[in-house]
Amino acid sequence: GKYLRSLINAACVVSVFLWLRSFLTMRVGVKASTHLHSKMLSSIFRAPLSFFDATPSGQLLSRFGKEMETVDRNLPDGIGSVLY
């Protein structure tokens, strides 16, 4: 009875901390992704018109999407491996 109750309590505490760790890692990833997206979009809006003449829009969108995918997929894993 008492031993089983202790195991259940320990499992609940571990579950809460694992959820909290995942939640915080996700929040940091979303915040970093939002920040990078804003910075990239801002720099594209401030680019001179000659940049758009020389750079095809497909290449620009592809690079933008690839950078965002890298941040969205790899940053939370990297944070998790460093902190945990």
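The values are calculated or read from the model by the stated rules, or taken from the named source; none is laboratory data. Just so it is clear, the model here is predicted, and its values are computed rather than measured. Glycine also receives a Cβ, built like all others from the backbone with ideal geometry; neighbour counts cover every protein chain displayed. To get the accessible areas, we keep the full protein, side chains included, count just its heavy atoms, and leave off ligands, DNA and RNA. Shrake-Rupley method; radii C 1.70, N 1.55, O 1.52, S 1.80 Å.
Numerical summary
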read-out	value
Those residues of segment 32-56 which are open to solvent by less than 90 Å² (accessible area, probe 1.4 Å) and either over 24 Å from residue 73 (Cβ atoms) or touching a Pro at 6+ places or on another chain (Cβ under 8 Å) (or both), in sequence order	47, 48, 50, 51, 52, 54, 55, 56
Residues (part of a helix (DSSP H, G or I), modelled with pLDDT of 90 or more and small (Gly, Ala, Ser)) located in segment 39-64	42, 43, 50, 54, 58, 62
Where residue 29 falls short, out of the listed (1) surrounded by 10 or more Cβ atoms within 10 Å (Cβ to Cβ); (2) free of Cβ contacts under 8 Å to residues at least 40 places away in the same chain	(2)
Only one of 75, 60 that is in contact (Cβ under 8 Å) with a residue 40 or more places away in the chain and surrounded by 11 or more Cβ atoms within 10 Å (Cβ to Cβ)	75
Selection from segment 1-23 of residues that are touching a residue at least 40 places away in the same chain (Cβ under 8 Å) and not in a helix (DSSP H, G or I)	none
Evaluation of residue 71 against (1) touching a helix residue (DSSP H, G or I) at 6+ places or on another chain (Cβ under 8 Å); (2) more than 18 Å from residue 82 (Cβ to Cβ) (one fails), failing number	(2)
